[in-house]
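Coordinate-derived values only; no laboratory data. Being a predicted model, the structure only gives us computed values, none of them experimental. Here the Cβ positions follow ideal geometry from the backbone for every residue, glycine too, while neighbour counts run over all protein chains shown.
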Amino acid sequence: MRWYAVLAVLLCFALAAPAGLAGELGEEERSEIEAVVKQNLEATEEEDLDGVLETLHPDSASHDDEAFVEEMEYIFENYDLEYELEILNVHGDSEEARVEYSQVTTSEDKEDFQDNQTKGIHLLVPYDDQWKILATEVRDVQPVYD
């Protein structure tokens with residue numbers, strides 16, 4: 001009889017816990033995380049610096065970095081780049097998530113830009129009830145030839 005009470009209490013905790021609390025990301029969190037990464041790249045492709053910064057966590061090294069802003073402005077002014085993103089894996093928990101990605105960057109109008117494929121990992125953490133990119137680790141960059 002006592003095990004019924006224990007089972008009932010455990011069931012209540014399981015139903016009340018938000019997705020991802022026990023370690024694994026829920027599908028909704030996974031979708032939100034992927035959306036932030038896609039939003040970041042869409043803002044980059046649209047040359048929307050404010051949109052890019054919106055996806056970054058305030059503690060990100062790039063968020064208030066003047067050199068990052070100048071680099072993005074230089075790229076926007078000098079290149080018309082197109083991006084293809086493939087999200088390879090999303091894993092983590094409710095405290096942090098890692099997104100492994102592959103990104104192909106191409107330019108049709110500049111001969112001085114080398115088309116490339118970048119593989120890396122975005123680290124995202126929650127901030128004000130939204131996932132934000134805290135850091136990006138580029139693991140590999142390879143030239144892409146026509």
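Listing for the model above:
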{"item": "Cα lying deepest toward the dipole's positive end in region 27-143, options ASN40, SER107, THR118, charges on Cβ", "result": "THR118"}
{"item": "Local electrostatic count at ASP93 - Lys and Arg +1, Asp and Glu -1, tallied over other residues with Cβ under 12 Å", "result": "-2"}
{"item": "Low-density loop positions, GluC sites (Glu not before Pro), region 59-146 - DSSP coil, at most 16 other Cβ in 10 Å", "result": "GLU95, GLU96, GLU108, GLU111"}
{"item": "Relative contact order (%) - region 27-143, alpha-carbon pairs under 8 angstrom, separation at least six", "result": "23 percent"}
{"item": "Sequence-distant lysines (8 or more away, or on other chains) whose Cα lies within less than 19 Å of LYS38", "result": "LYS119, LYS132"}
{"item": "Summed side-chain charge close to LEU56 - residues other than LEU56 whose Cβ falls under 12 Å, Lys, Arg +1, Asp, Glu -1", "result": "-4"}
